[in-house]
Amino acid sequence: MRVYRLSRKKYANKLSGIGASRSGNRWNSKGAEIIYCANSRALAMAEVSVHISLTTLPLDFVMMEICIPDFIKIQSIDENNLFDRWSNFPHNYRTQKIGDNFIKENKYCILIVPSAVVKGDFNYLLNPYHVDFKKVEMINFYKFPFDKRLFPNTDQ
């Protein structure tokens, strides 16, 4: 299976959860290393674009294509089993606890979670500490410029 990750070029040479651990995100608290990926290029772009504007848009994004072998065990979170307003911003500590426990328990290499940005799509969270993580492979990355029409014209 292929998943996708949009990253600044300087961070694209290695799959690492360090960036997520620095700030904490929806599915991890600060200090918990986890790697966020998406089930499509479009979702990877949408997940990043909600955090930037045209004025802060870096020009060095790359799309990373990542191969997850079929034999790797995957855990999945059903949106129906989540609490009300799980997708609200700012992030809730309860969703962060789900991701933190996924890393801490270390039973699975991949956790599939619903996207808060695109209903019906899914993010794939990778556990860099799981024994099978070394079998996950970045197979390609290439320049990925954002179409500026995605952002409101605030300065023009």
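Observations on the structure shown:
- Over 20 Å between alpha carbons, listed pairs K107/K135; K97/K134; K14/K143: K97/K134
- Segment 1-88: chymotrypsin sites (Phe, Trp or Tyr not before Pro) falling in loop per DSSP and having at most 14 other Cβ within 10 Å: F71, F83
- Rounded to 10°, Cα long-axis angle of helix 93-105 versus longest principal axis of the chain: 50
- Order of E47, E105 under a 10 Å beta carbon neighbour criterion, fewest first: E105, E47
- Separation of the I18 and K73 label points, Cα + 7 Å toward Cβ, nm: 3.0
- D_trans [Stokes-Einstein, Kirkwood Rh over alpha-carbon pairs] for the chain, 37 °C, 0.692 mPa s, µm² s⁻¹: 204
- Summed residue charge, Cβ within 11 Å of K143's Cβ, Lys/Arg positive, Asp/Glu negative: 0
- The distance between label points at V131 and R8 comes to 3.6 nm (points 7 Å beyond Cα on the Cα→Cβ vector).
- Loop-resident sites, segment 92-132, for chymotrypsin sites (Phe, Trp or Tyr not before Pro), counting at most 16 other Cβ within 10 Å (DSSP): Y129
- Part-to-part distance (alpha-carbon centres) for segment 72-126 and segment 1-36, which is given in Å: 14
Taken together, the values in this text are just the output of simple stated rules run on the coordinates, not laboratory data. This structure is a prediction, so every number in the text was calculated from the model and none was measured. FYI the Cβ positions are ideal-geometry reconstructions off the backbone, even for glycines, and counts take in every protein chain you see.
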